[in-house]
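Step one of this worksheet: look at the structure below.
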């Protein structure tokens, strides 16, 4: 048992890792995003790893992977990128009526994806911003006639249910977006409305803002969009709008895989599972599972998508403690931010290599992992993100040291 317990609760369960001999080193962004070589990752031994805290302002919306810059809303309600080390803000040319629901930096920190949350506000605009000069490109609705493969994971939902508010093909309806840290690709979900409409997974050309369909989904998007190593994962709903597990979509060709059969090896029908992260090589999922009857989350689970190893539920974790985590850039370790039971206890930062797990910082009372996510950069900086809205409480980042 670590820090009292390692339990989980809520929408951000967490991650854990098994050893993986892969290297991501440098990457070149695709689809028009700025190519930039990131520092070569230097692995740190889990047995001696420590963490130095980096304080973040309470109004932080997003943090770059190296913790050098943040997105904030200034006193004039402008959205601005602010260097943490000091210096002038770069304010973004967003419309005055923008109501952001999510924001995230690209892995190299050169771009920002900013979107309204269509599923909660019925406003689904998506923008891509250049951090250097604050220029912004709005992503238009996708041309569905050019769509790639359709998912074949279940009966198509009745998409006419939501057509009363946003029924125009010219109205942006983006429900979420994320960058793949390995390929640099920005992917987004466009909500489908009207007869024979499907939710669309699209790739966005960061230079022009132009969306291109990757796949049309036969099941309704349910949240938890995440990507890594050229693979996108998400939760889906069935035709009756009940949670139906999770699927993966390959970025290169839109091939869709239902991960449900792998999960059935571990959980019964009363358990709802969602993806938390994709491994850096795109071969494993880090899965959160919630027992719908008991209303608690089970321990974190690793799903090998190649089927070479059985699903692994990590030992040492129990229920009712919220947490979230991230793979190291080589996939060999995981860092986890875990809170006490039902957030009554302070949070701790934990690092595991799959066999050894140790607390590297504890007593974090101001920041909870609920509705949060983590990123472990090639600079060995761990940064938090919010899957909806700003980072609540007193957010911090960490510089890992060996």
Please order 122, 234 by the number of other Cβ within 10 Å, starting at the fewest. 122, 234
Sites residue 265 and residue 379 - FRET efficiency at Förster radius 45 Å, r taken between beta-carbons, to 0.05: 0.75
Work out how much length residue 73 to residue 170 would gain on full extension: take 0.36 nm times their residue separation and subtract the Cα-Cα distance, in nm to one decimal. 32.1 nm
Ordering 209-218, 367-376, 256-265 by per-residue average of other C-beta atoms within 10 angstrom, highest first, gives 367-376, 209-218, 256-265
Estimate the FRET efficiency between residue 96 and residue 362 by the formula 1/(1 + (r/R0)^6), using the beta-carbon distance for r and 41 Å for R0, to the nearest 0.05. 0.40
First measure r as the distance between the Cβ atoms of residue 238 and residue 50, then evaluate 1/(1 + (r/R0)^6) with R0 = 60 Å and state the FRET efficiency to the nearest 0.05. 0.85
Can you put 54, 303 in order of Cβ neighbours within 10 angstrom, beginning with the fewest? 54, 303
Go through 393-399, 247-253, 323-329 and give me the packing order, highest mean Cβ count within 10 Å leading. 323-329, 393-399, 247-253
Could you give the length gained by full extension between residue 390 and residue 135, i.e. 0.36 nm per residue of separation minus their alpha carbon distance, to one decimal place? 89.6 nm
Counting other C-beta atoms within 10 Å, which of 114, 266 has the fewest, and how do the rest follow? 266, 114
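Computed from the coordinates by the stated procedures, all read-outs in this text should not be read as laboratory data. Only a predicted model underlies this, so the values are computations on that prediction, with no experimental measurement involved. Here Cβ is always computed from backbone atoms with ideal geometry, including for glycine, and neighbour counts include all displayed protein chains.
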